[in-house]
Amino acid sequence: MIHLPECESTQDVAWDCEPGTFVVADVQTRGRGRGAGREWISPPGGLYMSWRLGAVDPTGFSLLGGLAVLRSLRHWGAEAWLKWPNDCWVGRDKIAGVLPDCRWRGTECLGMVLGIGVNVRLEGLPEGAVSLHRLIEGGPGVAEFGEHLRGQLRELLAVHEKVGVSGYLSEVRSHSLPPGSKIAYFVGTERFEDEVVDLDDQGFLRVRQAGRLTAVDRLLPL
């Protein structure tokens, strides 16, 4: 593991590391999220970590990362759930996000960096966000949480390498919005509201729109 007091983005640092390396920073000055051009300043008190991986099957890797985070949050008693495809929430407040970043040659994934940000001991969060230490008295420090999370990531990677996303999809389903949940979602740039059908066998979220199944690009709970 590489630990940095500060960097622009652990994602960028991780690409220059050997596969298997975790990069952790106390502070990021240009943290990234899902969607082009989205950046966050990441102050002390959060876990900012990127995991360098070699050539892997990227199918379901957002779910793999989210499930690992959820396991760690629940280990300390936080009633987290998975907001497809890359966030962990507690109730209606976001507590963590996951960002997979692949490099491709055609349709072949040559390597991946899986970025994870968790609000462990952050103060002064805006409405709609929550920190673990606000939920759990005597909860872990950032380093302790990170150590537990790395163990969960390694465990799930072993499953993924053996059988793919099917090896943990039922666990993902059990902590996701159940079928029938009403959601607001986007397909491209167009916003819709419908009910969840299920996750398919590749981990994609499906809704029933105008009588047919549609894959969702991103969603927000109502």
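Each residue of region 64-76 is assigned a 3J(HN,Hα), and the resulting list reads 4, x, x, 5, 4, 5, 4, 4, 5, 4, 6, 4, 9 Hz, derived from the Karplus form 6.51 cos²θ - 1.76 cosθ + 1.60 (θ = phi - 60°), x at Gly and Pro.
Would you kindly state the longest site-free stretch of the chain, with sites defined as trypsin sites (Lys or Arg not before Pro) in a DSSP loop (not H, G, I, E, B) surrounded by at most 13 other Cβ atoms within 10 Å? Formally, the longest exposed-site-free interval is 93-222. Normalised by the number of residues in the chain, the mean separation of alpha-carbon contacts (under 8 Å, six or more apart) gives a relative contact order of 16 percent. Quick query: amide H of Leu4 versus all other amide H atoms, modeled in the peptide plane; which residues come in under 5 Å with a sequence gap of 5 or more or a different chain? Close amide H contacts, sequence-distant or interchain: Val24, Ala25, Asp26. Across every pair of different alpha-carbon atoms, what Kirkwood hydrodynamic radius in Å does region 19-142 reach? One over the average 1/r among Cα pairs gives 15.0 Å for region 19-142. When Asp16, Asp93 are sorted by how many other C-beta atoms sit within 10 angstrom of their C-beta, beginning with the fewest, the order is Asp16, Asp93.
For the pair region 60-85 / region 179-201, the C-alpha centres are spaced 20 Å from each other.
Read-outs throughout are calculated quantities, based only on the coordinates presented, and are distinct from any laboratory measurement. This is a predicted model, so every value here is computed, not measured. Don't worry about glycine lacking a Cβ; one is built from the backbone with ideal geometry, like all the others, and counts go over all protein chains shown.
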